[in-house]
Amino acid sequence: MQPLLVVIDERFTQHLDHVPHLENARRVKAMTSVLDNPSLDGKLSEVVPRLASLEELALVHTADHIERIAQTAGKSLTSLDLDTQTSEMSYDVARLCVGSVFSLLDEIMSGKARRGFACIRPPGHHAEPDRAMGFCLFNNVALGARYLKEHYSVERVMIVDMDVHHGNGTQIAFYDMDEALFISLHQFPFYPGTGNFGEVGRGKGEGFTINVPLGKGHGDRDFAGIIHFLLNPLARSYHPDIILVSCGFDLYMYDRLGGMNVTPEGYALMTFFLLDIAEKVCDGRIAFIMEGGYSLKGIRECGLRVIKELCDVPTLSRKKIDKIIGNSARRLPAIEKVIEIQKEYWKILR
């Protein structure tokens, strides 16, 4: 078994280091405690991060947006919107986040290992090409996908966004092109107000955006079932070269901002089925990039279950797995609705 590639860096704590905020340094410290768990001894390989260059940020973001964030450097507090603030070091930390994803992907593409997890902050999936929002400054996952295409000529990237909030920034980055298959599982209606069923892409991108909006209260079986019954056939049809996962821990049942009912075991199940898909379609290449999650207990407990699954440390009984597989694919109305809309673009769903 190859080691799990992991990016973690003390510098991630420097963003908003003196500003009271839900998205704070304790989130990444919670992941540090996860990686120190004795059950993971000898199973992790730390990746050295780097700063992304301005040219690399421009793979997704406009020059005006990059300059706007750069101008906040050295200032004690800048508010970009009601939710999104920066402090003195935020610009460099955000560049480090993006560069961390690049470094992780370099290691995966070199063959050093096939799996990775970037324990980074600030998150990225709300950042649009021309604006920061929702705690996010630069879009780490979208930039990672573009980096793969630019530097490794990767043709097909599958992006799975499993966060209680819709990844509007990632969706916009690829909405009118077929460079990536973007699939989002999220609470709706909810912040940021996007991600309804009918948002399927535009022009060349039509059919390459797949949203699974869910009312609050959905739990382990629903999310694991969506991955197994919906994402599995889509991945087999699309046949990605790599899977990128926007991994938010705010689906956790006690998250301060969410309304879902997912337990740590649910995160283990989702990870198990995503790994199963990766093994079948892209030689196991998969990278998880940390997004939201505002319960420290949730990050610790759900994060440990995700990392253990990625390290092939068994946490699930076969009975639990078989229970998901044995459910009807049509049990969840959201799956039926997605299939009804997306079967026009994906024959495998017909």
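The number of residues in segment 23-43 being in contact with a helix residue (DSSP H, G or I) (Cβ under 9 Å, 6 or more places away or on another chain), without any contact (Cβ under 8 Å) to a residue 60 or more places away in the chain and part of a loop (DSSP other than H, G, I, E, B) comes to 1. Return yes when Ile227 is in contact (Cβ under 8 Å) with a residue 40 or more places away in the chain, assigned to a strand (DSSP E or B), surrounded by 21 or more Cβ atoms within 10 Å (Cβ to Cβ) and within 15 Å of the chain's Cα centre (by Cα) and no when it is not. No.
Please tell me if Thr13 is surrounded by 18 or more Cβ atoms within 10 Å (Cβ to Cβ), free of Cβ contacts under 8 Å to residues at least 24 places away in the same chain and either farther than 15 Å from Arg121 by Cβ or in contact with a Gly (Cβ under 8 Å, 6 or more places away or on another chain) (or both). For Thr13, the condition - surrounded by 18 or more Cβ atoms within 10 Å (Cβ to Cβ), free of Cβ contacts under 8 Å to residues at least 24 places away in the same chain and either farther than 15 Å from Arg121 by Cβ or in contact with a Gly (Cβ under 8 Å, 6 or more places away or on another chain) (or both) - is not met.
For residues in segment 27-45 being of a type in the set (D, E, K, R) and surrounded by 13 or more Cβ atoms within 10 Å (Cβ to Cβ), which is nearest to the chain's Cα centre (by Cα)? Step by step, filter segment 27-45, then rank; the result is Arg27. Look at segment 126-138: where a residue is in contact (Cβ under 8 Å) with a residue 40 or more places away in the chain and a partner is in a strand (DSSP E or B) and surrounded by fewer than 22 Cβ atoms within 10 Å (Cβ to Cβ), sitting 6+ places away or on another chain with Cβ atoms under 7 Å, you get His126/Met133; Ala127/Met133. With respect to the conditions (1) surrounded by fewer than 24 Cβ atoms within 10 Å (Cβ to Cβ); (2) touching a residue at least 40 places away in the same chain (Cβ under 8 Å), Glu279 lacks only one, and its number is (2).
Evaluating Arg300 against the criteria (1) without any contact (Cβ under 8 Å) to a residue 40 or more places away in the chain; (2) more than 30 Å from Val200 (Cβ to Cβ) leaves one unmet condition, (1). Of Glu23, Glu10, all but one fail to be over 19 Å from the mean Cα position of the chain (by Cα) and modelled with pLDDT of 95 or more; the exception is Glu10. The helices (runs of 4 or more DSSP H) located wholly in segment 234-350 that include 3 or more residues which are modelled with pLDDT of 95 or more and under 18 Å from the mean Cα position of the chain (by Cα) occupy 264-281, 296-310. Within segment 106-130, the residues that satisfy the criterion of being over 22 Å from Cys311 (Cα atoms) and either small (Gly, Ala, Ser) or in contact with a Ser or Thr (Cβ under 6 Å, 6 or more places away or on another chain) (or both) are Gly124, His125, Ala127, Pro129, Asp130.
The values are calculated or read from the model by the stated rules, or taken from the named source; none is laboratory data. Remember, predicted model here, so these are calculated numbers, not experimental data. Reconstructed Cβ throughout: ideal geometry from the backbone, glycine too, with neighbour counts over all protein chains shown.
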